[in-house]
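Trainee: This is the structure I have questions about; it appears just below.
The values are calculated or read from the model by the stated rules, or taken from the named source; none is laboratory data. Treat the numbers as computed from the prediction; the structure is a model and nothing was measured. When we count neighbours, we look across all protein chains shown, and the Cβ atoms used for this are built from the backbone with ideal geometry, even at glycine. Surface accessibility is based on the protein's heavy atoms, side chains included, excluding ligands, DNA and RNA. Shrake-Rupley method; radii C 1.70, N 1.55, O 1.52, S 1.80 Å.
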Amino acid sequence: MLNSSSNDKGEAVLVNMKPKSENQWTGNVYSHSSGDNYYGTMDMKGHNTLRVEACALGRFYCSGNNWSRINAKAESLISSRQNSAEPRS
């Protein structure tokens with residue numbers, strides 16, 4: 001899944017997500033920018049859309065993004081944090 005509204009890779013990390021219902025999981029979201037963990041949820045909103053939300057202030061204020069499925073083979077995807085298998089010259 002890819003965060004559709006973020007230009008910064010590695011912005012949030014989902015931690016200890018556990019099923020709450022058939023389409024919803026709850027756990028924590030670690031924010032790289034603040035360095036804090038927040039209560040979080042993720043909900044399947046369709047076959048290719050995942051809604052991820054994080055809540056602050058005792059779950060009073062929540063904000064989130066829709067993530068979209070990447071339709072490419074995993075072998076062809078290399079993130080900026082991974083090294084290519086090919087040697088550098």
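Let's see how each residue does on (1) loosely packed, with under 13 Cβ neighbours inside 10 Å; (2) modelled with pLDDT of 85 or more; (3) within 14 Å of the chain's Cα centre (by Cα):
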| position | (1), (2), (3) |
| --- | --- |
| Met1 | no, no, yes |
| Ala12 | no, no, yes |
| Glu22 | yes, yes, no |
| His47 | yes, yes, no |
| Leu50 | no, yes, yes |
| Ala54 | no, yes, yes |
| Tyr61 | yes, yes, no |
| Asn83 | yes, no, no |
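Trainee: Ok, one more. State all residues of the stretch 28-39 that are in a strand (DSSP E or B) and either of a type outside the set (Gly, Ala, Ser) or modelled with pLDDT of 95 or more (or both); if no residue qualifies, say none.
Mentor: Correct list: Asn28, Val29, Tyr30, Asn37, Tyr38, Tyr39.
Trainee: Moving to a separate point now. Restricting the first residue to the stretch 21-34 and requiring it to be farther than 14 Å from Ala54 by Cβ, which pairs with a second residue that is of a type outside the set (Ser, Thr, Tyr) and open to solvent by less than 60 Å² (accessible area, probe 1.4 Å) meet a Cβ separation below 6 Å and a spacing of at least six or different chains?
Mentor: These pairs meet every condition: Asn23/Asp43; Gln24/Asp43.
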